[in-house]
Amino acid sequence: MYEIGAAFSDVSVDPGTNLLVAGPPMSGKRDLGFDVLARGSADGEGAIVVTTKDGADRVLEEYAARVPGGEPLVGVVDCVTKQQGMGSATESELVRYASSPVDLTGIGIELSELLRALYQQRNVTRNRILLHSLSTLLMYSDLQTVFRFLHVFTGRVQSADALGVFVVDSSAHDEQTVSTLKQLFDGIVTVREADDGFEARLLGVDGGTDWRPL
């Protein structure tokens with residue numbers, strides 16, 4: 001079982017579970033995803049961040065600040081740096097690059113390479129994977145293409161007995177698009193604005209939860 005952590009510290013899910021985190025912009029969805037991964041890093045689990053918005057250097061810096069000791073075992077699939085020409089893109093054992101968010105095949109390949117590296121070179125068998133953000137993928141590819149990609153991606157999470165967390169900006173897409181995506185996930189975390197910030201609710205796994213502050 002994977003303890004989710006963050007706002008759902010009392011909730012555990014089976015290996016192979018995929019969660020969708022949906023909410024408005026600037027609501028802490030990315031932070032929530034980082035916190036779920038950091039819960040595992042604190043126990044020596046592997047973490048992989050597929051980023052379509054920030055470069056690998058920023059992701060690694062911000063993620064390390066969330067983990068006690070500051071040196072988590074984390075890999076990054078960077079879909080930004082090569083596309084935007086953001087300086088050098090030197091691949092390493094745990095930092096890989098896709099050419100752009102359009103390169104869905106490349107993203108999948110690099111994810112598999114990172115999982116293989118964590119297992120073969122670090123003997124890691126438990127991993128948490130964050131994809132931030134599905135909304136960027138939908139900017140570049142149509143819903144059908146993204147749906148097929150996610151079907152394969154979530155299947156990879158299942159076969160690896162990992163925990164997958166996928167973030168989407170629900171306000172950027174029509175209701176039908178979000179509903180279509182939800183079909184691929186075992187649980188849905190909905191984030192909404194509250195009187196004093198934002199709150200989240202988890203449905204679909206472990207009986208679900210009430211609304212909780214973030």
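Quick note: the coordinates plus some simple rules give every number you see, no bench work behind them. Remember, predicted model here, so these are calculated numbers, not experimental data. So basically every Cβ, Gly included, is an ideal-geometry build from the backbone, and we count neighbours across all protein chains shown.
Can you name every residue in the range 23-70 that is among the hydrophobic types (A, V, I, L, M, F, W, C), loosely packed, with under 15 Cβ neighbours inside 10 Å and closer than 25 Å to residue 173 by Cβ?
The one that is among the hydrophobic types (A, V, I, L, M, F, W, C), loosely packed, with under 15 Cβ neighbours inside 10 Å and closer than 25 Å to residue 173 by Cβ: 26.
Counting only residues that are over 21 Å from residue 36 (Cβ atoms) and basic (Lys, Arg), how many does the range 168-200 have?
0
Would you check if residue 73 is touching a residue at least 12 places away in the same chain (Cβ under 8 Å) and surrounded by fewer than 21 Cβ atoms within 10 Å (Cβ to Cβ)?
Yes; evaluated as a whole, the condition is true for this residue.
Which helices (runs of 4 or more DSSP H) sit wholly inside the range 106-184 and have at least 3 residues that are under 20 Å from residue 205 (Cβ atoms), out of contact with any strand residue (DSSP E or B) (no Cβ under 7 Å at 6 or more places or on another chain) and touching a residue at least 40 places away in the same chain (Cβ under 8 Å)?
143-159
Looking only at the range 191-207, count every residue that is in a loop (DSSP other than H, G, I, E, B), in contact (Cβ under 8 Å) with a residue 40 or more places away in the chain and at negative phi and tell me the total.
Summing the residues that are in a loop (DSSP other than H, G, I, E, B), in contact (Cβ under 8 Å) with a residue 40 or more places away in the chain and at negative phi in the range 191-207 gives 1.
Are any of the residues in the range 33-53 assigned to a loop (DSSP other than H, G, I, E, B), closer than 26 Å to residue 196 by Cα and of a type outside the set (A, V, I, L, M)?
No, the conditions are met nowhere in the range 33-53.
Among the numbered criteria (1) touching a residue at least 60 places away in the same chain (Cβ under 8 Å); (2) outside any helix (DSSP H, G or I); (3) surrounded by fewer than 13 Cβ atoms within 10 Å (Cβ to Cβ), which single criterion is violated by residue 210?
The number of the failed condition is (1).
Does residue 4 satisfy the criteria of being farther than 20 Å from residue 112 by Cβ and touching a helix residue (DSSP H, G or I) at 6+ places or on another chain (Cβ under 6 Å)?
Yes, satisfied.
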